[in-house]
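Here the structure comes first, spelled out in structure tokens, and everything after it is commentary.
The values are calculated or read from the model by the stated rules, or taken from the named source; none is laboratory data. Keep in mind that what you see is a predicted model, and the values were worked out from it rather than measured. Positions of Cβ are generated from backbone atoms using ideal geometry, with glycine treated the same way; all protein chains shown enter the neighbour counts.
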Amino acid sequence: MARNALTLATALLLGANVAPASAQDAGGWSFDSSTFDPGALIADGRELLMRAPDASVDGLFQAVHESARTPQDASTLCALFDPDAQRSLDGYNRIASQLSEQSRMRFADAATNFFLAAAQSPRQPYDANVATQALKAAGVRAALLNDGFLAGLNGGDHDARCRSVGWLMDAMATRPVGERASVMRLLLSQGIDYLSLGAGAKR
């Protein structure tokens with residue numbers, strides 16, 4: 001369950017063509033999509049996640065959740081959940097480029113707030129175990145409210161899987177800001193770890 005959700009979250013944070021120009025230079029943090037080093041981006045991403053206030057991390061979730069409610073963008077994002085999806089920076093960039101202009105602008109605004117807030121903030125309190133329990137609780141709520149949630153999430157049907165992920169995000173959306181931010185921090189951190197392994201394998 002967590003792996004499906006983290007794919008979507010990682011795509012938002014690490015999609016190079018989504019990061020807006022206004023966030024390219026903030027308090028010493030720099031991002032240039034034409035010359036970026038994936039290894040440096042991964043390293044910076046870890047620190048940014050620990051510094052970003054809950055409201056800015058939740059802004060990432062809200063951007064994903066809102067776009068997932070639009071059929072066209074939901075279909076685009078759900079391609080990331082397929083077993084043969086290319087889970088790499090290039091793959092995420094291709095998916096991001098297929099989103100509607102409204103979604104790209106929404107993600108750009110969320111990324112701007114995230115990067116700027118993280119660059120200006122100290123490290124935030126965070127407990128990965130608490131976040132894991134919150135994610136599991138969201139899954140339980142989604143399963144109780146929606147017949148076929150677990151079967152869709154774990155099965156091989158693309159549409160059913162996409163629908164279940166939407167239900168999971170709906171369940172998370174009902175929780176307090178701090179809890180949503182904690183879960184997003186967990187998923188993004190796991191996603192960065194995943195990409196870090198991929199980057200290391202290419203060296």
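Do you know which residues across the range 66-78 are surrounded by fewer than 17 Cβ atoms within 10 Å (Cβ to Cβ) and assigned to a helix (DSSP H, G or I)?
Of the range 66-78, the ones surrounded by fewer than 17 Cβ atoms within 10 Å (Cβ to Cβ) are 69-72, 74-75.
Matches in the range 66-78: PRO71, GLN72, ALA74, SER75.
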**Q.** Residue check for PHE61: among the aromatic types (Phe, Trp, Tyr) and farther than 19 Å from SER182 by Cα
**A.** no
**Q.** Enumeration of residues in the range 170-192 that are over 23 Å from ARG46 (Cα atoms) and either touching a Leu at 6+ places or on another chain (Cβ under 9 Å) or buried (at least 21 other Cβ atoms within 10 Å of the Cβ) (or both)
**A.** ASP170, ALA171
**Q.** Residues that are exposed (fewer than 14 other Cβ atoms within 10 Å of the Cβ) and either without any contact (Cβ under 8 Å) to a residue 60 or more places away in the chain or within 22 Å of ALA68 (Cβ to Cβ) (or both), drawn from the range 95-129
**A.** SER97, SER100, GLU101, GLN102, PRO125, ASP127, ASN129
Q) In the set ASP90, ASP84, which member is of a type in the set (D, E, K, R), out of contact with any Ser or Thr (no Cβ under 7 Å at 6 or more places or on another chain), part of a loop (DSSP other than H, G, I, E, B) and modelled with pLDDT under 85? A) ASP84
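Just to be sure before I move on: is ARG203 outside any helix (DSSP H, G or I), among the basic types (Lys, Arg) and at pLDDT below 90 in the structure I sent? Can you show your working first?
Numbers: outside any helix (DSSP H, G or I): yes; among the basic types (Lys, Arg): yes; at pLDDT below 90: yes.
Judged against the criteria, ARG203 is a match.
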